[in-house]
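**Student:** My questions will all concern the structure given below.
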């Protein structure tokens with residue numbers, strides 16, 4: 001497994017943490033270059049062997065303790081679980097004023113009775129937009145919906161035999177060009193304001209969808225297949241974006257048509273994460289704050305998450321393979 005330079009340095013620091021500092025070391029090294037006295041050389045093979053052992057120890061420790069992994073399958077140990085020669089730094093006391101934030105529980109109180117309304121909630125001027133959603137009743141409805149999408153959105157083409165759609169929904173974004181209008185506004189006793197906006201259908205595009213498949217006629221929740229596909233800004237393959245537990249491993253795999261793919265395995269559920277560059281970027285319009293301030297986000301890639309407890313890795317990889 002590949003390791004970054006920083007990880008190798010951390011491993012060496014841990015291995016050498018017990019050595020005492022020698023203030024004359026630099027002077028002796030300089031003197032050796034000038035020929036003042038000889039320094040016994042260590043063979044290149046010994047250095048390589050020592051480095052390999054240190055890196056292997058660090059990698060094994062990372063895999064055993066969990067941590068975070070990037071798109072290339074490189075694991076970064078969780079610092080909270082790693083032994084350290086020096087105490088962890090303490091955080092500075094909070095001095096800046098804390099702005100009001102949206103409580104996630106407020107989303108459960110929103111009125112979604114008007115299909116695909118854009119809902120904005122705000123607390124003390126700070127706001128967040130709720131997704132516009134449309135439920136998916138069948139795979140035929142899903143495929144028809146995808147055909148009208150304004151982007152090359154990938155869809156699963158190989159559903160494992162014996163599985164049927166249990167539920168799903170599509171999440172809509174807003175193109176910047178178009179009209180929207182405030183339809184209603186409600187002040188809730190819990191301390192937030194709920195604002196509904198109607199959006200011109202010409203602004204619609206699908207930015208995400210969720211699908212859940214179950215065995216036909218079955219009721220065992222452990223056999224479910226979850227599929228989540230969503231647009232995202234550019235991703236750094238070296239960014240440690242995914243968490244893994246102590247009992248999980250992760251490795252990069254090849255997925256046809258994808259830029260990167262990562263297989264995360266555990267005791268039960270196998271999880272496949274993939275990314276793919278879109279043929280053209282997509283800009284999304286957001287309304288935020290009490291006064292519906294405008295902001296935009298540009299997506300350049302898709303992220304595709306597929307998880308299942310009873311599928312093989314080849315079945316997971318084959319779900320989006322043409």
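Rule-based calculations on the coordinates, nothing more; no lab input. This one's a predicted model, so the numbers in the text were calculated from it and none came from an experiment. Here Cβ is always computed from backbone atoms with ideal geometry, including for glycine, and neighbour counts include all displayed protein chains.
**Student:** May I ask you to sort 228, 238 by Cβ crowding, counting other Cβ atoms within 10 Å and putting the fewest first?
**Tutor:** Numbers: 228 15, 238 11.
Lowest count first: 238, 228.
**Student:** Another question about this same structure. Neighbouring Cβ atoms within 10 Å as the yardstick, rank 223, 115 fewest first.
**Tutor:** Details: 223 16, 115 9.
In increasing order of surrounding Cβ atoms, one gets 115, 223.
**Student:** So how do 274, 263, 146 line up by other beta-carbon neighbours within 10 Å, fewest first? The partial results should precede the final answer.
**Tutor:** Details: 274 25, 263 19, 146 16.
Starting with the residue having the fewest Cβ neighbours, the order is 146, 263, 274.
**Student:** For the range 232-318, state what percent of all Cα-Cα pairs lands in each successive 5 Å bin, counting from 0 Å until the bin that includes the largest distance.
**Tutor:** 3, 12, 20, 18, 15, 12, 9, 7, 4, 1
**Student:** Working only with C-alpha atoms, what are the Rg and Dmax values of the range 111-242, expressed in angstrom?
**Tutor:** Values for the range 111-242 (Cα only, Rg and Dmax): 17.8, 51 Å.
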